[in-house]
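Below is one structure, written out as structure tokens; comments come after it.
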Amino acid sequence: MKLQVPFIQLPITFDAAALLAEVSAIEESAWRGRTSRDDGNSALTLITTEGDPASDALSGRMRPTPWLERCPYLGQVLEAIGATWGRARLMRLNGQAEVKAHVDINYYWRERMRVHVPIVTTPGVRFQCGDAEINMGAGECWIFDTWRRHRVLNEGSAQRIHLVADTVGGERFWDLLSEGRAPGQAYHGEWRPRLHPPVAGKQAKLDFEQVNAPAVMSPWEVREHMVFLLGECVADPRLGAIQAALLRFSRRWQALWACHGEDAAGRPRYQALLDATRRELLGLGADRIDLRNNVGFWHALNSHVFDMALSDESRPAQTDVHGQPEVHAGAVVVPEPAAPKRSGVSSSRVGPALERPVFIVSPPRSGSTLLFETLAGAPQVYTIGDESHQLIEGVDGLSPAQRDYHSNQLGADDATLAVVQELQSRFRNALRDREGRVPERESAVRMLEKTPKNALRIPFLKAVFPDAKFIYLHRDPRQVWGSMIDGWMSGRFRMYTLPGWQGPTWSFLLTPGWQALNGQPLGEIVARQWETATRIMLDDLQALPADDWASIDYGRFLADPQGEALRLSAWAGWPWDRELGAQLPLSRYTLSQPDPDKWRRHAAEIEPRLAQWRATLDRAARAAGL
């Protein structure tokens, strides 16, 4: 299930030693490898279809296995959490092993949460989800966002054992969740998790799933899945036609539902509509649309809707990331196009040569999305479609969590040979042109990219792409600061849960020296973010050869978009064949209707700080030719 935050701890704890005593009494032969490879992952089934210890089915009546019946305290733990339970297992991970990075997109996971209760763990067990990383303590109770890319690393020598149970929720569960806390975020009140010790002789009373897959999916469920997935898509010009096709499909499905419901007589008509819609969507390029979590829209749409809308015996078998029988999670797990090297899922596809890639660099909320979306309309220009947060930070060693949360700053020394090869491969594998087409494998292509964090990574990007060029985008700092304040307050740009941070969840790029901002007013945080990023960016740009970077002012761009697009295209060395109107469309990250004086709503926080940073403000304006 997609959550608002990567991790939530529930206010309930258990006696890990008592749990281990029960688990240790079960014979070793009950444990099974979670994949067909000997990769240090094994599982012991507790709740399965009809209680069959060997079952890995996702649908059917869920019942306890003999192993759960031998473990009364495990049952009491599940009862205390108060949910209706689907599949449940004990998950074991050997020392120096990992659960490989993946995203859970199967239908089963659309409305189910995965509950973790560590039984045996060490400080070397690292659970990563999105940009966050935690170590779950023994006896604690956690859930996490399975829609984000996640993995587990056991860097110690001891085995890790977790109780891992899947649920759609329950009355007591939702009460616990309402009291839960997210790491790094403010918690109202005193955090006092309640201990539930074992009760001798008590037999737990549990609710188990009876219904978990539709015979014929209702039109309301069909629409809900489609709306969710469309909302998760990376912006793409083909989405309008795809959305219209899905609307037609949902209306036709509702008509058939009204006529047949779950009657077997309607199955041929349902199937014909599914087949025809699949063909139409493939013709519209639905298989080339990406989701923001870096999995394919087409894969997810099939998993959520087309493979499940009509039950039959031909539903695809669940497989792991290597196409082998999936026996640990009841989900199809799909890596992003090129996963971190440590995950073992990196792509080796030979791709196009990236020739003179162009990076737009600026502080956040400077208008880089609008400039990027405009220049991405040039012929022969390829992009990854969105910002490269996960693409870069997913490379082993580059995320702030792996660098003691110093900052997003990266230097030339961080561009090791392995990192260069991995990052170039990741970009190549994600490229699309303005029509959504992938480049020819052996061609030389021009890439355009923009991510505000890259204002802190210019030497690194230059080391990864030695012929890279940069466009510095300047915008009136008062407008930028006002928009950044709005962005922090909106919650839409949250990035990191930082150790020891007492303010709102950190938003936008992580600048060096952020610790000094702890407890400061939001206006001060935003001004220092902008000043630090701008100063570092200008230092790095002005250390480059003059031909390697150009500048543009946002106000001038809005005043003459056609002229500025032509100028920058000529500088970059690619053609321009579009005629832009005087009014550009809103960018995808616009929070409210643009207004050059909108910053005045925060004038009390902005104006007193202008004099403090006057030197950097003036330097930024000069770099933009103002």
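For (1) under 27 Å from Arg126 (Cβ atoms); (2) over 19 Å from the mean Cα position of the chain (by Cα); (3) charged (D, E, K, R); (4) in the same structural domain as His102 (by TED's automatic domain parsing), each residue gets a yes or a no:
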| position | (1), (2), (3), (4) |
| --- | --- |
| Val420 | yes, yes, no, no |
| Gly436 | no, yes, no, no |
| Glu440 | no, yes, yes, no |
| Thr451 | yes, no, no, no |
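Would you confirm whether any residue within region 258-278 is in contact with a helix residue (DSSP H, G or I) (Cβ under 9 Å, 6 or more places away or on another chain), under 23 Å from Ile392 (Cβ atoms), modelled with pLDDT of 50 or more and not assigned by TED's automatic domain parsing to the domain that holds Leu153? Scanning region 258-278 turns up no residue that is in contact with a helix residue (DSSP H, G or I) (Cβ under 9 Å, 6 or more places away or on another chain), under 23 Å from Ile392 (Cβ atoms), modelled with pLDDT of 50 or more and not assigned by TED's automatic domain parsing to the domain that holds Leu153.
Kindly indicate the residue of region 98-133 that is β-branched (Val, Ile, Thr) and under 16 Å from the mean Cα position of the chain (by Cα) and also nearest to Arg87 (Cα to Cα) among those meeting that condition.
First, the residues of region 98-133 that are β-branched (Val, Ile, Thr): 99, 103, 105, 115, 117, 119-122, 125.
Still in the running and under 16 Å from the mean Cα position of the chain (by Cα): 103, 105.
Details: Val103: 18, Ile105: 16 Å.
The residue in question is Ile105.
With the requirement that a residue be part of a loop (DSSP other than H, G, I, E, B), under 23 Å from the mean Cα position of the chain (by Cα) and not small (Gly, Ala, Ser), what does region 350-398 give you? Scanning region 350-398 gives Pro363, Pro364, Arg365, Ile384, Asp386, Glu387, Val395, Asp396, Leu398.
Cβ separations smaller than 7 Å between residues 6+ apart or across chains give the following pairs from region 122-151 residues that are closer than 20 Å to Asn94 by Cβ and among the basic types (Lys, Arg) to residues that are at pLDDT 90 or above and assigned to a loop (DSSP other than H, G, I, E, B): Arg126/Asn135.
Against the condition exposed (fewer than 13 other Cβ atoms within 10 Å of the Cβ) and modelled with pLDDT under 90, how does Ala158 come out, does it pass?
Details: exposed (fewer than 13 other Cβ atoms within 10 Å of the Cβ): no; modelled with pLDDT under 90: yes.
Against the criterion (exposed (fewer than 13 other Cβ atoms within 10 Å of the Cβ) and modelled with pLDDT under 90), Ala158 does not qualify.
Number of residues in region 473-501 that are closer than 17 Å to Glu387 by Cβ and either within 18 Å of the chain's Cα centre (by Cα) or in a strand (DSSP E or B) (or both): the value is 6.
Under the condition of being touching a Phe, Trp or Tyr at 6+ places or on another chain (Cβ under 8 Å) and over 26 Å from Leu20 (Cα atoms), the residues counted in region 184-216 number 5.
The set of residues from region 128-143 being of a type outside the set (A, V, I, L, M) and either in a loop (DSSP other than H, G, I, E, B) or surrounded by 23 or more Cβ atoms within 10 Å (Cβ to Cβ) (or both) comprises Gln128, Gly130, Asp131, Asn135, Gly137, Gly139, Glu140, Cys141. For region 418-432, the set of residues classified as more than 27 Å from Ile289 (Cβ to Cβ) and either surrounded by fewer than 20 Cβ atoms within 10 Å (Cβ to Cβ) or in contact with a Pro (Cβ under 7 Å, 6 or more places away or on another chain) (or both) consists of Ala418, Val420, Gln421, listed by residue number. Evaluate region 317-332: report whether one residue or more is of a type in the set (Gly, Ala, Ser) and either in a strand (DSSP E or B) or at pLDDT 50 or above (or both). No, there is no match, as no residue in region 317-332 is of a type in the set (Gly, Ala, Ser) and either in a strand (DSSP E or B) or at pLDDT 50 or above (or both).
Could you tell me which residue of region 562-617 is modelled with the highest pLDDT, considering only residues that are assigned to a loop (DSSP other than H, G, I, E, B), in contact with a helix residue (DSSP H, G or I) (Cβ under 9 Å, 6 or more places away or on another chain) and of a type in the set (A, V, I, L, M)? Across region 562-617, the extreme among qualifying residues is Leu580. For Ala376, the criteria (1) touching a strand residue (DSSP E or B) at 6+ places or on another chain (Cβ under 7 Å); (2) within 26 Å of Arg475 (Cβ to Cβ); (3) modelled with pLDDT under 90 hold in every case but one, which is (3).
Each residue in region 62-91 was checked for being among the acidic types (Asp, Glu) and more than 34 Å from the chain's Cα centre (by Cα), and 1 of them qualify.
The values are calculated or read from the model by the stated rules, or taken from the named source; none is laboratory data. On a predicted model such as this, the values are computed, not experimentally measured, just so you know. As a convention, Cβ positions derive from the backbone with ideal geometry for all residues, glycine included, and neighbour counts pool all protein chains shown.
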